[in-house]
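Read-outs: derived from the displayed coordinates by stated rules, not from any lab. The shown structure was predicted, so the numbers you read here are calculated from the model rather than taken from an experiment. Cβ coordinates were reconstructed from backbone atoms using ideal geometry, including for glycine residues, and neighbour counts include every protein chain displayed.
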Amino acid sequence: MRYDKSGSTLQGTGGGISIMDGYKMDRTILSSKDMKMIMAGLRSLDSISGSHYYRQLMEKLKAGSSDFVSGNESMLIDLSSWDKDSLSPKIELIQDAIELTKTVTFEYYAPGGNTQREIEPYFLIFKWSSWYVYGYCLLRNDFRLFKLNRMVNITHVKAFERKRDVPMPDLSSEKVFPPKAKVKAVFEPSMKWHLIEEYGIGSYKELPDGKLLFEHNYGDDDGLLSWMLSLKDKVTVIEPESIRRELLCIATELTEKYKEV
């Protein structure tokens, strides 16, 4: 075992490195902007935390650093949702399970029905404006991504050993939501803001009459149908024909249903 040139670390015979007791990191290696970004990240985690851990950590970093972390906060990130009261305990419970290497069981609600699952959790993920847990599903014998809002009755079960080769989750939209087909639809001019918000300024072609031609790949029929129905009479689907027929069927059923009222 030998010291490095700085005298701050010890190198073991097997190649490992440990930091000497009492070693303190020089704050000057971080700029004021660096510290502001660190604080912004901690504040974002605190927005969804069910404990006071991140707030206490921020106070530790701020202690004696008021001159270093100066200026107003310019970046505010809130990772919570309308369902924060039930979401925060789920996140905390899953965080504990990951740290303690314990499996968790839960009932999972999905379009295909609800199932009882047990997983080895490995990553908590915030993506597509929602929280997910990525883990090895003991029911499907494969790695899966589960949406926290669809998980209920989450409990720790048993300890597991980290023997698996855990791949980093591929969170590309093409992987998680593989395209099924292309939708072609015409939107009313008043919905330009909606297309820009959802898909960007280059997502449509403006027609001579001012209407907007939209063409885009979609992953599943149910998601596309829900989106089209939410827009009411502000959009007309041109293709695929199967979606046009399904929209007509839904509209007919709704008409019959509300005639009875």
How do 96-107, 217-228, 155-166 rank on mean C-beta neighbours within 10 Å, highest first?
96-107, 217-228, 155-166
Taking 25 Å as R0, compute the FRET efficiency from the Cβ-Cβ separation of Glu198 and Arg144 and round it to 0.05.
0.40
Taking amide H positions as placed in the peptide plane 1.01 Å from N, state which residues far from Ile238 in sequence (5 or more) or on other chains have amide H under 5 Å from it.
Lys184, Ala185, Val186
Straight-line reach from Lys182: which aspartates and glutamates have Cα under 18 Å away, leaving out those fewer than 8 places along the same chain?
Glu174, Glu198, Glu215, Asp220, Asp221, Asp222, Glu239, Glu241, Glu246
Which listed pairs, of Lys127/Lys158; Lys180/Lys234; Lys90/Lys180; Lys90/Lys147; Lys90/Lys127, have C-alpha distances above 21 Å, in listed order:
Lys127/Lys158; Lys180/Lys234; Lys90/Lys180
With 0.36 nm assigned to each residue of separation and the Cα-Cα distance removed, Glu239 to Asp170 gains 21.8 nm
Note: Glu256 to Asn153 extended length (0.36 nm per residue) minus current alpha-carbon separation gives 33.2 nm
The stretch 179-259, relative contact order in percent, only Cα pairs under 8 angstrom and at least six apart counted:
38
State the extension gain, in nm to one decimal, for the chain segment bounded by Lys163 and Phe123, taking 0.36 nm per residue of separation less the distance between their alpha-carbons.
12.8 nm
Modelled label-to-label distance, Ser190 and Asp209, 7 Å Cα→beta-carbon offset: nm?
1.6
If you take every residue apart from Glu174 with its C-beta less than 15 Å away from the C-beta of Glu174, what net charge results, scoring Lys and Arg +1 and Asp and Glu -1?
+2
